[in-house]
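Report on one structure; see the data block that follows.
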Amino acid sequence: MQVEKKVQFNNLLVSNLLKIAFSTSRSLLFQKFLFPIVEMGIKNAVKRVPGPVALPGVIEDKYYMIRAMVWSGLRVGSSSRFADTIVNKAILSDLRARKEAEFRAKFGFDPPGFMTISPAKRCNLRCRGCYANSASEKDQLDYEIFTRVIKEMRDYWGARFAVISGGEPLMYRWNGKGVLDIYREHPDSLFLMYTNGTLIDDKVAGIMAELGNITPAISVEGMKELTEQRRGKGVFERIIRAMKILKKHRVTFGVSITATRFNAEEIVSDRFIDYYFGELGAAYAWVFHYMPIGRDVDLALIPTPDQRVYLWQKSWEIIKKRKIMFADFWNHGPVSDGCISAGRPGGYFYLDWQANVYPCVFFPYAAANIKEIYEKGGNLNDLINLPLHRKIRL
Ligand code: SF4
């Protein structure tokens, strides 16, 4: 009881300190005196949990990335509701640790930390080289399956983070319900939604602000010219409008970028960073090097080796000097101790609109269908014991 009270007190203290940090982050006092203390805390925490590869360079990379992540959240002044979701439900909750231990005792390895779910293939755009080959097809994930998967992730794995992708997630409709209903039904889970941004208006942004458990990552290809070359004419203005609306509602948002041979230089330029992060208020960026899958596979879009090195150098400059969370999945492998797919302890799975389950978004071979597993009386854990998934994991 005594110990429990101490934990509760500590949690209250940390949560209030972080809330003070969020509300005072733009003040000189915070930047000069308080942030160095936060930085020291991050440094110590990273050293204590070094991961499987405890090389000094790897620990240093992790420190700079986490520092940029914290700083990015503080810089944009996330709403207190969103801060509460991150602080109390993610950082301070012991649910994941408890469920992980239970799962490990039963199966002998760590459960997945999250799932990426594409509930609909439909999209209102037709981008060149779209990884999901999105179009007007009606294929959609049954809402009951969608919501059950998120509940089981939490109940069995203690995983309360889901990435929602597409097609365009905001086009998903099942018996009148959409993705916003999913976010509302799971208030203690956090959702990162990749979206083209064109369907975000005042009403949608207002709901996101009210829920406080969703952060949209809006796709851009660079500035106006490059964005419209790949996404279509007129799309840039709609994206910028969405970002301004999100900022007005204090919804923490980021950008999602596919690095190609044509935009590799622009997406790490000062002009790009100043515009999206400085002027429009994006908090973070996820960068994916173009993969030749999906629509009209085009090898000419693949970045060259020199461009990949350039992206690596410039992205670390942005992270270290400007303290912006600019995560390049391909170049920042050491931060996540390598590939994050299902082929490792923890890892993740990808669920598509037909209920097929893949080890990774970029690995187009499904070994299972969750609808069929559910129909046979199984659950999410039965996925992990399939031969392919066990084999790549252990
Ligand atoms: S890349 Fe995204 S926005 Fe473009 S067509 Fe594909 S799903 Fe739609």
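Looking at the structure I just gave you, is residue 348 touching a Pro at 6+ places or on another chain (Cβ under 6 Å) and either in the same structural domain as residue 157 (by TED's automatic domain parsing) or aliphatic (A, V, I, L, M) (or both)?
Yes; evaluated as a whole, the condition is true for this residue.
Which residue out of 378, 346, 294 is without any contact (Cβ under 8 Å) to a residue 40 or more places away in the chain and assigned to a loop (DSSP other than H, G, I, E, B)? Spell out the reasoning first.
On the way: 346 fails: without any contact (Cβ under 8 Å) to a residue 40 or more places away in the chain; 294 fails: without any contact (Cβ under 8 Å) to a residue 40 or more places away in the chain.
Going through 378, 346, 294 in turn, the sole match is 378.
Assigned to a helix (DSSP H, G or I), within 21 Å of the chain's Cα centre (by Cα) and not acidic (Asp, Glu): does that describe residue 257?
Against the criterion (assigned to a helix (DSSP H, G or I), within 21 Å of the chain's Cα centre (by Cα) and not acidic (Asp, Glu)), residue 257 does not qualify.
Tally up the residues in the stretch 72-127 that are within 20 Å of the chain's Cα centre (by Cα), in a helix (DSSP H, G or I) and surrounded by 19 or more Cβ atoms within 10 Å (Cβ to Cβ), please.
Looking only at that region, the number is 10.
Tell me the residue from 199, 226 that is within 16 Å of the ligand (Cβ to nearest atom), closer than 20 Å to residue 120 by Cβ, at pLDDT 95 or above and of a type in the set (A, V, I, L, M, F, W, C), please.
199
Are there any pairs with C-beta distances below 8 angstrom linking a residue in the stretch 99-123 that is in the same structural domain as residue 180 (by TED's automatic domain parsing) to a residue that is part of a helix (DSSP H, G or I) and within 16 Å of the ligand (Cβ to nearest atom), with the two at least 6 apart or on different chains, and if so which?
118/169; 119/169; 119/179; 120/169; 120/171; 122/171; 123/171
Name the helices (runs of 4 or more DSSP H) wholly within the stretch 166-252 that hold at least 2 residues that are hydrophobic (A, V, I, L, M, F, W, C) and in the same structural domain as residue 129 (by TED's automatic domain parsing)? Steps first, please.
On the way: elements: 179-185, 202-211, 224-231, 235-248.
Because the criterion is at least 2 residues that are hydrophobic (A, V, I, L, M, F, W, C) and in the same structural domain as residue 129 (by TED's automatic domain parsing), the helices (runs of 4 or more DSSP H) in the stretch 166-252 that meet it are 179-185, 202-211, 235-248.
Within the stretch 328-341, take every residue that is within 14 Å of the chain's Cα centre (by Cα) and buried (at least 19 other Cβ atoms within 10 Å of the Cβ) and give me the one that is modelled with the lowest pLDDT.
We begin by selecting, within the stretch 328-341, every residue within 14 Å of the chain's Cα centre (by Cα); these are 328-329, 336, 340-341.
The next check asks that each one be buried (at least 19 other Cβ atoms within 10 Å of the Cβ); those that pass are 328, 341.
Working: 328: 96, 341: 84.
Among residues in the stretch 328-341 that are within 14 Å of the chain's Cα centre (by Cα) and buried (at least 19 other Cβ atoms within 10 Å of the Cβ), the one modelled with the lowest pLDDT is 341.
Within the set of pairs 6 or more residues apart or between chains, which connect a residue that is part of a helix (DSSP H, G or I) inside the stretch 37-48 to a residue that is at pLDDT below 80 with Cβ atoms less than 8 Å apart?
38/21
The values are calculated or read from the model by the stated rules, or taken from the named source; none is laboratory data. All values reported here derive from a predicted model rather than from experimental measurement. As a convention, Cβ positions derive from the backbone with ideal geometry for all residues, glycine included, and neighbour counts pool all protein chains shown.
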